[in-house]
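Encoded as C-alpha cells, the structure appears first; notes follow it.
The values are calculated or read from the model by the stated rules, or taken from the named source; none is laboratory data. It should be emphasised that the depicted structure is a prediction, and the values quoted were computed from it without experimental measurement. Glycine gets a Cβ as well: all are built from the backbone with ideal geometry, and neighbour counts include every protein chain shown. Surface accessibility is based on the protein's heavy atoms, side chains included, excluding ligands, DNA and RNA. Shrake-Rupley method; radii C 1.70, N 1.55, O 1.52, S 1.80 Å.
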Amino acid sequence: MTLYETIFTRRSVRQYDNTPLDAAELAELQRVLGGARQLPGQSAAFEIVGADKLKGVAAPHAILAYSQDTDAALANVGYTLQGVDLWLQGSGYGSLWMGMGKPREPKPDYKILLAFGKTSAASRAGGGEFKRKPVSEISNEDNAVARAARLAPSAVNFQPWRLSFAPGSVVVQYSGKGIGKLFAGKLQKTDIGIILKHLELALEHEGKKITAIAPRGGGKTFEIEVKFEQ
Ligand SMILES: Cc1cc2nc3c(=O)[nH]c(=O)nc-3n(C[C@H](O)[C@H](O)[C@H](O)COP(=O)(O)O)c2cc1C
C-alpha cells in the first residue's frame, strides 16, 4: 500500500497487542525514519524507545521527537513523522500521535511522540469513515488534493488549517483559535506539518512536481507555501 493510499485508511490506534516488534522489524522502521525527508533548514532528531521508557502510553513502542521551539521546527516534526505514521499504518502496524503521553525522563527539546505497535484494530475502509470538517470549510477549492489533505489527523481533531490554492501553489494557513488554541496550543503548529505531508503526497499523486516548501510568518500568521509545476 502506498503512503498516498494509506491516507484514506489510517486511524488513531489506541489498543495494541502485547508482542513487541522484533529486531528486524524495528531495524526496518529505523531505516524509514532515518530516510524521512525534513523541511529545508530543519533537523529534528528522533529516537525509538520501548514501553519501559514511556508514561501513559498503551503501545509497546514510541518514536520520540526532539526539535527547536519555532513554528517551522514544530511543523517539521509533524511533516516528517506523518510520513512515518502513514508508513507504519500502510505496513499493518497501529500508531497514535500523542501530546499527552510522555517519556519517563524527557530530555531537553523533547516535543511529542508517535506511539506504535502491532494491533488487531481494523484500518478504515475509506474516506467516508473519517470525522472531519467539510472541504468547503477548509479550502478555497474542492479538488482531490484538498480531499486527501482534509483527512490529516490533528490534536483533539481541531483541524486548525485553511488551504488556499492558486495556479502552481497551495498555501496552508494556521487558523487555530478559541478553545482549540487553548487546549492544543503548540501542538497545532505540528498539525500544520501533518497536513503538509498529506498535501505533498496528494500533489505528487496528481503528477505535480514540488519545487519549494516555504514556512513563513509565526504565531497567528504562520503558514507554509508549497510551489509546484503543473
Ligand atoms: C499532534 C497530535 C497530538 C495528539 N495527541 C493525542 C493524545 O495525547 N491522545 C490521544 O488519544 N490522541 C491524540 N491525538 C489523536 C487525535 O485525537 C486524532 O488524530 C484525531 O481525533 C483524528 O482521529 P484519527 O487520527 O483517527 O483520524 C493526537 C493527534 C495529533 C495530530
Per the helix-only model, the chain has a calculated mean residue ellipticity at 222 nm (DSSP H runs of ≥4, -39500 (n - 2.57) each, divided over all residues, rounded to the nearest 500) of -9500 deg cm²/dmol
Selected from Lys186, Lys55, Lys111 as most flexible by GNM, with the chain as the system and alpha-carbon contacts under 10 Å: Lys55
Tell me the carbon and sulfur percent of the accessible area for the chain, rounded to whole percent, probe radius 1.4 Å. 52 percent
For the chain, set up a Gaussian network in which alpha carbons nearer than 10 Å are linked by springs, and say which option among Ala75, Ala184, Ala27 fluctuates the most. Ala27
Here the percent of antiparallel bridges among DSSP beta bridges lying wholly in the chain, to the nearest 5, is 95 percent
Amide H to amide H under 5 Å from Ser169: which residues, 5+ apart in sequence or cross-chain, H placed 1.01 Å off N in plane? Phe228
Taking Lys and Arg as +1 and Asp and Glu as -1, residues besides Ala125 with C-beta under 15 Å from its C-beta add up to +2
Gaussian network model of the chain, Cα springs within a sub-10 Å range: biggest mean-square fluctuation belongs to which of Ser136, Ser154, Ser67? Ser136
I'd like the Karplus ³J(HN,Hα) series for the stretch 106-111: coefficients 6.51, -1.76, 1.60, θ = phi - 60°, whole numbers in Hz, and an x wherever there's a Gly or Pro. x, 8, x, 6, 4, 10
Using the Kirkwood radius over Cα pairs of the chain, the Stokes-Einstein translational diffusion coefficient at 25 °C and 0.890 mPa s, in µm²/s and rounded to a whole number, is 139 µm²/s
I'd like to check one number: the per residue accessible area of the stretch 127-229, probe 1.4 Å, reported in Å² as a whole number. 45 Å²
Could you give the angle, 0 to 90 degrees to the nearest 10, between helix 187-205's Cα long axis and the longest principal axis of the Cα atoms of the chain? 70 degrees
For the stretch 93-160, compute the orientation-averaged projected area of the C-alpha convex hull (one quarter of its surface), in nm². 6.5 nm²
Which links in Lys133/Lys189; Lys111/Lys189; Lys186/Lys220; Lys53/Lys189; Lys131/Lys220 stretch past 20 Å when you go from one Cα to the other? Lys53/Lys189; Lys131/Lys220
Rounded to the nearest 20 debye, what is the charge dipole size of the chain about its Cα centre when +1 sits on each Lys and Arg Cβ and -1 on each Asp and Glu Cβ? 640 debye
Counting heavy atoms of the protein chains only and a 1.4 Å probe, report the per residue accessible area for the stretch 3-117 as a whole number of Å². 45 Å²
